[in-house]
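Participant: Okay, handing you the structure first.
Throughout, read-outs are computed from the coordinates displayed, never taken from laboratory work. This one's a predicted model, so the numbers in the text were calculated from it and none came from an experiment. Here the Cβ positions follow ideal geometry from the backbone for every residue, glycine too, while neighbour counts run over all protein chains shown.
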Amino acid sequence: MVGDTGDYGQTRRPDESGHRAVAQEDEVHIEAWAASREHCLAEAVAAMVECFADVSGVRPTGVGRIRLDEASDDDLLAALLDEVLYRLEEYGQVPVDVEADEAEGGLDVRLAVAGLSDVRLTGAAPTSVTWEDLRIGPGPRGWSCAVTVDG
């Protein structure tokens, strides 16, 4: 397990954010939580990256911007994680910091990235996002999401 290992469901405050990931055979189950949808999406990206890389102390070497058109919250989560996997595979870019902001007609995401060779690999990078058990939504303590990525 990586990320925050505390019980995020019952004891967290509405203004807290965090994430955790649990490795299972050929996949990793990711959970993230935050006060807003945008911060929850950013936490999900951080959790996915922590599944395979240690980016602590790594300085970004570039900035990538993603514009996601308005869609359902589940579609936004899947599209964002798919885009991160695409950039990893095609360009060897690993997000070291993520900011997501609601924008008219969609979501603007800023990825501060470093090269794959600049981070310490801790496992195999995920290859795809699965739709099984994918969810994101608001609750009494803020937003939370869960998704499984294949390794």
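Participant: Calculate the spin-label point distance for Ser36 paired with Thr130, positioning each point 7 Å from the Cα along the beta-carbon direction, and give it in nanometres.
Facilitator: Rounded to a tenth, the inter-label distance reads 3.2 nm.
Participant: Next question, about the same structure. 7 Å from Cα along Cα→Cβ at both Arg59 and Asp75: what's the point-to-point distance in nm?
Facilitator: With each label placed 7 Å out from Cα toward Cβ, I get 4.1 nm.
Participant: In what order do His19, His39 fall by count of nearby beta-carbon atoms within 10 Å, going from fewest to most?
Facilitator: His39, His19
Participant: How would the range 7-89 be classified by its alpha-carbon gyration tensor: rounded, prolate or oblate, with rounded meaning a/c under 1.5 and the a/b versus b/c comparison settling the rest?
Facilitator: rounded
Participant: So how strong a dipole does the range 3-148 carry about its Cα centre when Lys and Arg Cβ are +1 and Asp and Glu Cβ are -1, to the nearest 20 debye?
Facilitator: 480
Participant: Based on other C-beta atoms within 10 Å, arrange Ile66, Ile136, Ile30 from fewest to most.
Facilitator: With the sparsest Cβ surroundings first, the list reads Ile66, Ile136, Ile30.
Participant: Among Trp33, Trp131, Trp143, what is the fewest-to-most ranking by other Cβ atoms within 10 Å?
Facilitator: Neighbour counts put them in this order, fewest first: Trp131, Trp143, Trp33.
Participant: Answer with a single label: of (1) 45; (2) 9; (3) 33, which was calculated as percent of Cα pairs over 29 Å apart from the structure in view?
Facilitator: Given (1) 45; (2) 9; (3) 33, the calculated one carries the label (2).
Participant: Report the calculated FRET efficiency for Gln24 and Ala103 (r = Cβ-Cβ distance, R0 = 35 Å), to the nearest 0.05.
Facilitator: 0.50
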